1. Of the residues that sit in the stretch 209-233 and are of a type in the set (A, V, I, L, M) and at negative phi, which one is nearest to the ligand (Cβ to nearest atom)?
2. How many residues are within 25 Å of Asn168 (Cα to Cα), assigned to a loop (DSSP other than H, G, I, E, B) and touching a helix residue (DSSP H, G or I) at 6+ places or on another chain (Cβ under 9 Å) if we restrict to the stretch 29-48?
3. Inside the stretch 29-43, can you point out the residues that are surrounded by 12 or more Cβ atoms within 10 Å (Cβ to Cβ) and of a type outside the set (Val, Ile, Thr)?
4. List, please: which pairs have Cβ atoms under 7 Å, are six or more places apart or on different chains, and start with a residue in the stretch 59-70 that is not hydrophobic (A, V, I, L, M, F, W, C) and end with one that is not in a loop (DSSP other than H, G, I, E, B)?
5. Is it the case, given these coordinates, that Lys53 is within 30 Å of Arg357 (Cβ to Cβ) and of a type in the set (Lys, Arg)?
6. Any chance the stretch 120-135 includes a residue that's free of Cβ contacts under 8 Å to residues at least 24 places away in the same chain, surrounded by fewer than 22 Cβ atoms within 10 Å (Cβ to Cβ) and within 16 Å of the ligand (Cβ to nearest atom)?
7. Answer yes or no as to whether Leu362 is more than 25 Å from Tyr20 (Cβ to Cβ) and buried (at least 21 other Cβ atoms within 10 Å of the Cβ).
8. Criterion first (within 16 Å of the ligand (Cβ to nearest atom), β-branched (Val, Ile, Thr) and either under 27 Å from Ile238 (Cβ atoms) or in contact with an Asp or Glu (Cβ under 6 Å, 6 or more places away or on another chain) (or both)) does Ile115 satisfy it?
Amino acid sequence: MDTLTVKSIINPGIDTLNPYQPGKPIEELQREYGLDDIIKLASNENPLGTSQKVIQALENSHLSLSHYPDGACFNLKSRLAHKHCIDEQKLTLGNGSDSLLAMLTQCFANSHRPIVVSEYAFASYHLIAQSFNVPIIEVPAKGWQHDVRAMADAVDKSTAIVFIANPNNPTGCYINSEELEYLLSRIPSTCLLVLDEAYLEYAQAADHPDSLALQAKYPNLVTTRTFSKAYALAGLRIGYSISSPDIADVLNRIRLPFNISIPAQIAAIAALKDEEHLKKSIRINQQGKTQLSQAFDRLGLPYIESHTNFISVDCQTEAQPIYEELLTRGIIVRPLTPYRMPQHLRISIGLAEENQRLIDELDNILRR
Ligand SMILES: *Cc1c(COP(=O)(O)O)cnc(C)c1O
């Protein structure tokens, strides 16, 4: 079949879709530049790596990979329900939390029921909506912050979902409990508010919302979480949503039957048990955030105050050439041109020595 024929039968939305641009993999830079000492501060991965307890659990589990996994994820769901003090029926497991965002869009939005997002919102919401031919209403941000008043005004009875990453990627900003309640109290109960809490473990502000507590009052509030960031399991692809049992039932109906692999289930359980690794990850991140912020202050580079494990810094000039120059020096970061932030680089917080190397190279490049 030729390209022209494929173009004529493709579903609307998909023909013009530009796929998500992931951070450059280390192996790719190795191949392209022949470098061997490479650090990746581009995908907000946990710089400590996976917990040794998780590695041990995988080694000890005598994986029987010829069998299908438990489609219901019984053991993992029990753990999660216990951890969050919730009923298991509120849980849906996904192959990364990205897949839950897709399932929610697939179930509740359509070409007549748009989604609402903020300017600078995480790109996945756009891409997923477009792939299901769902219209997107983008509300201008206030500075780098979501403007919850304007977002509430943008919602009407046709709106299917408001997506908010809290804290948000790539800005690192968060909406506080007052702002979240304002939004929830203004939108109709027919509109879901999906709060993507991929970075929740790093969010330390006293007024950060307790989304699970709010679900009792607002059954249209759905929370998604991931094992990819603070739990250091990005490579295994596992995340989950917490919602009303009715919504979870719908999601579980369209979920592919064995969407969580056996290693992912075992690793997630072990990761939940290893609270030390989580605490250490958060501590190292806090220290790295201070280290990078102080360095940016010294270099005179403005940055957006972050509540996550990355910082978006304003290079005060076009960032793409700096990104490319950093690549030649073996450092992978993320340019934010796709977010219409052409002067910003998003830098994942690494280990102290990785942060230092980034600071030194950035200083070098900017001084020339
Ligand atoms: C990293 C990230 C996710 C997590 O995606 P997974 O599919 O769970 O790896 C979700 N939302 C945001 C905003 C993110 O930055």
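Where a number appears in this text, it was derived from the coordinates with a stated rule and is not lab data. The structure presented is a predicted model; accordingly, all values stated were derived computationally and were not measured. Ideal geometry is used to build each Cβ from the backbone, glycine not excepted, and the neighbour counts take in all protein chains shown.
1. Only one residue fits best here, namely Leu233.
2. Selection size over the stretch 29-48: 7.
3. Leu29, Gln30, Tyr33, Leu35, Lys40, Leu41, Ala42, Ser43
4. Close Cβ pairs (under 7 Å, with a partner that is not in a loop (DSSP other than H, G, I, E, B)) amount to Ser61/Ile266; Pro69/Ile262; Pro69/Gln265; Asp70/Gln265.
5. The answer is yes for Lys53.
6. yes
7. Yes.
8. Spelling it out, Ile115 is indeed within 16 Å of the ligand (Cβ to nearest atom), β-branched (Val, Ile, Thr) and either under 27 Å from Ile238 (Cβ atoms) or in contact with an Asp or Glu (Cβ under 6 Å, 6 or more places away or on another chain) (or both).
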